[in-house]
Every structure is written in structure tokens, then in C-alpha cells.
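Read the structure below first, then the notes.
The values are calculated or read from the model by the stated rules, or taken from the named source; none is laboratory data. If you're wondering where the values come from, they're calculated on a predicted model, not measured in any experiment. Virtual Cβ from ideal backbone geometry, glycine too; neighbours counted across all protein chains shown.
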Amino acid sequence: MAHGFGIIGCGMISRFHSKAVADLKDAKVVACFDSVPAAADKLAAEVGCRAYHQLERMLDDKEVTVVVVGTPSGAHLEPAVAAAGAGKHVIVEKPLEITLSRCDAIIQACRKNKVQLSAVFPSRFHRSSIAIKRAVDAGRFGRLTLGDSYVKWFRTQQYYDSGAWRGTWELDGGGALMNQAIHSVDLLSWFMGPVSEITACCDTLAHERIAVEDVAVATLRFASGALGTVEATTAAFPGYLKRIEVSGSKGSAVMEEEDLIKWDFAEPAAEDEEIKRQMQARVSTGGGASDPSAIGHHGHARQFRDVLEAIEQKRSPAIDGAEGRKSVEIILAIYQAAELGRSVKLPLAADPVLEARKRKGK
């Protein structure tokens, strides 16, 4: 079955979406839309698809069966709901949305219209991520004790000045955590399990004219009893590869970008030698550490393939709406803990602190 993709939002990330679709043998980008007509026209010329200047007209295109939403983070809800209402399957770039209520509205719209929904977290499809998850599920780490993620990246002032939505609560939904470190937050919770309690500090230390944090530190307690940390910044020159560490009573692993650089277990397994052989031929890109465009599209392609298989097999995608919501909730809890100056327990009941901050324009 062939699938026609429609891209909503024709900024930088749309180029990675179109490359990912091009890697799939039974899929093609057939249409695109952007609220800025020239942006849609430019992408259409590059990809060889139809450009639409009205979203409704693109959603009326019968050749479009799947849409990819790549608008600013706080503007995912409206096009996602419209696409679901038009009977299109929906893939939403991270974060799913910037508040829990907006995430839930997307999830409910897709459920109501019986279409698939997937939140984009391509890092889960890296071979290294899958190896760690399988080792966790097999009990190879023993008792999980620590789970840590570090995203020490660098963004220039020009990066934030390049778009009016960047660095705002209303459309970016946050800073180094919600925009950059959310992939690591997602992986950490996937490996370690649900988070039960968070304490945190956030601040803006190195950038001007932004309302959001450029540095954040949080301590986590997981439901399993394990502890963890999240460090995120866009103010660490020159920017380093993101790093995740999983530690337990019988094993530990360290992933840097998409490479495993440590893989140590008390009880050896057959796959260890192959994993260590792959570790010697590291393949990481810059991972966006200092340049947001320095990322690969292969993770996107694997995730898009999973979505198409889910459509055909009538099952949920590996990363459905509920999975995509988890990292948003953790980050919102970090913001609340930092704002309130005390620990915050999960699950959250609502988005009160974030909504209050937006109203005050903080």
C-alpha cells in the first residue's frame, strides 16, 4: 500500500521529514503547507510536491494519507486536530505539545477519528537505544540504581533571534529542556521507567531576549526507587554530544549520541561481543550539539516506517500519543519544581504553574 505524506510546517525540520519519507519505498511526499506561502513553495520545489497555501485544501487532497506536523511546538494542536478530523494519520514532531491539556486534545481527536498518532522521538530507534532497552527488560542491569542524562549544547544569540517563536513560553513551550533535551528525557524515562518525584533549578544565564531557561538541573526519583539527574543547557560552548548513563547493581551502560561507549555487565551475554565490536566503529554525527541542522534523518525514517506498519497492521505505533506525552509531563514537572522551589510528585494534575507563567509573560 502506497502512502502519500503531507508536510505541515516547512521550516528546517521539514527537510529531515522529507528525506526520511524518501527513504521509504512505499511512501512519497505529495503535498506541503505553511502559513508563510513562500516557505511552502520553496519546499515543494525542492521535494517535487504540491504546495498549498490553505491547510484545508491540503487536507482535502485525497492522495494525502499521512501528515507530519512540524510547526512551532506550541502550534501543533490545531493542525493535528484538523488533520485527524480529515481522516489523516498524524505524526507530530517533538514535543507532542507544550501543555498536558493540549497533548490530551490531540490524543483524543485522533482516537475519536480512528487515525494513528505518533510523536517523533527518533532516538528510540537507534540500535544503541534498543540494545539498552532490551538489556533493561532482560534484567541484565540487576537493580536499577541511577539514570542520568546530560545535554550540554550551545546555541548562539542569533539562533534565538532567528524566529519570533524561539525562546517563548507561548510557542517554544520552554527552553533547553523542552526544545533540545526532550529526546534525552524521553530515552531516560523509556529506560528507567516512570518518574515519581522531581526537584529542580532552572535559569537564564547566557542569552538575552528569551523568556525561557538556557540551563536546567533536575534530580529524579523513579517509581522503581532508582534516582537520576537531568542536566540541560544551550549555554555550554562549544557544545558536546548528548550522553545518557544507566547504572545498576549488575551492569552499566553509557550512550554518547547514538554510540555505546560503555557496556559492562557482571554476567556476559552472547550479544556483548558484537555490541563491543560496533562500539569500536563509532558513527555519531554532531547530534545538533552546536548546529541544530547537524543531525541525521535515519531515526526519522525508521520511525516513519513503524507508523506505516502500524497503519497496515492496525496496531499502535511504537511511540503513540500516550508515549509522546510522558516526556512533556516530566519537563513540565521540572519547570513546576523550579518555580515552586520544592519537590513535585508525578503524575501531574494539571499545568497550573506553566499557564500562570505564560499569563504573566515570564
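Some values worked out for this structure:
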item: Unmet criterion (only one of (1) surrounded by 20 or more Cβ atoms within 10 Å (Cβ to Cβ); (2) within 17 Å of Leu332 (Cβ to Cβ)) for Ala105; result: (1)
item: For Ser129: the one exception among (1) in a strand (DSSP E or B); (2) assigned by TED's automatic domain parsing to the domain that holds Leu241; (3) in contact with a Leu (Cβ under 9 Å, 6 or more places away or on another chain); result: (1)
item: Those residues of segment 299-354 which are more than 27 Å from Gly175 (Cβ to Cβ), assigned to a helix (DSSP H, G or I) and either touching a residue at least 12 places away in the same chain (Cβ under 8 Å) or not acidic (Asp, Glu) (or both), in sequence order; result: Ala301, Arg302, Phe304, Arg305, Asp306, Val307, Leu308, Ala310, Ile311, Glu312, Gln313
item: Sole exception among (1) in a strand (DSSP E or B); (2) in contact (Cβ under 8 Å) with a residue 60 or more places away in the chain for Arg221, by number; result: (2)
item: Residue within segment 62-72 that is in contact with a Cys (Cβ under 9 Å, 6 or more places away or on another chain) and not in a strand (DSSP E or B) present; result: yes
item: The one condition in (1) of a type in the set (Lys, Arg); (2) surrounded by fewer than 17 Cβ atoms within 10 Å (Cβ to Cβ); (3) at pLDDT 95 or above that Arg305 fails to fulfil; result: (2)
item: Subset of segment 89-132 [free of Cβ contacts under 8 Å to residues at least 60 places away in the same chain, within 17 Å of the chain's Cα centre (by Cα) and more than 21 Å from Leu177 (Cβ to Cβ)]; result: Val90, Ile130
item: Qualifying positions in segment 137-161 - surrounded by 20 or more Cβ atoms within 10 Å (Cβ to Cβ), aliphatic (A, V, I, L, M) and within 17 Å of Lys262 (Cα to Cα); result: Leu144
item: Criterion violated by Phe191 - all others in (1) under 18 Å from the mean Cα position of the chain (by Cα); (2) in a loop (DSSP other than H, G, I, E, B); (3) modelled with pLDDT of 95 or more satisfied; result: (2)
item: Checklist (1) crowded, with 18+ Cβ neighbours inside 10 Å; (2) without any contact (Cβ under 8 Å) to a residue 40 or more places away in the chain applied to Val21, failing item; result: (2)
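Each row is one residue, and each column tells you yes or no for (1) assigned to a loop (DSSP other than H, G, I, E, B); (2) among the polar types (S, T, N, Q); (3) in contact with a helix residue (DSSP H, G or I) (Cβ under 9 Å, 6 or more places away or on another chain).
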| position | (1), (2), (3) |
| --- | --- |
| Asp104 | no, no, yes |
| Arg111 | no, no, yes |
| Ser118 | no, yes, yes |
| Ser123 | no, yes, yes |
| Val136 | no, no, yes |
| Gly139 | yes, no, no |
| Asp148 | no, no, yes |
| Val151 | no, no, yes |
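This table checks each residue for (1) of a type outside the set (Gly, Ala, Ser); (2) touching a helix residue (DSSP H, G or I) at 6+ places or on another chain (Cβ under 6 Å); (3) modelled with pLDDT under 95.
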residue	(1), (2), (3)
Gly9	no, no, no
Phe33	yes, yes, no
Ala39	no, no, no
Val47	yes, yes, no
Lys62	yes, no, no
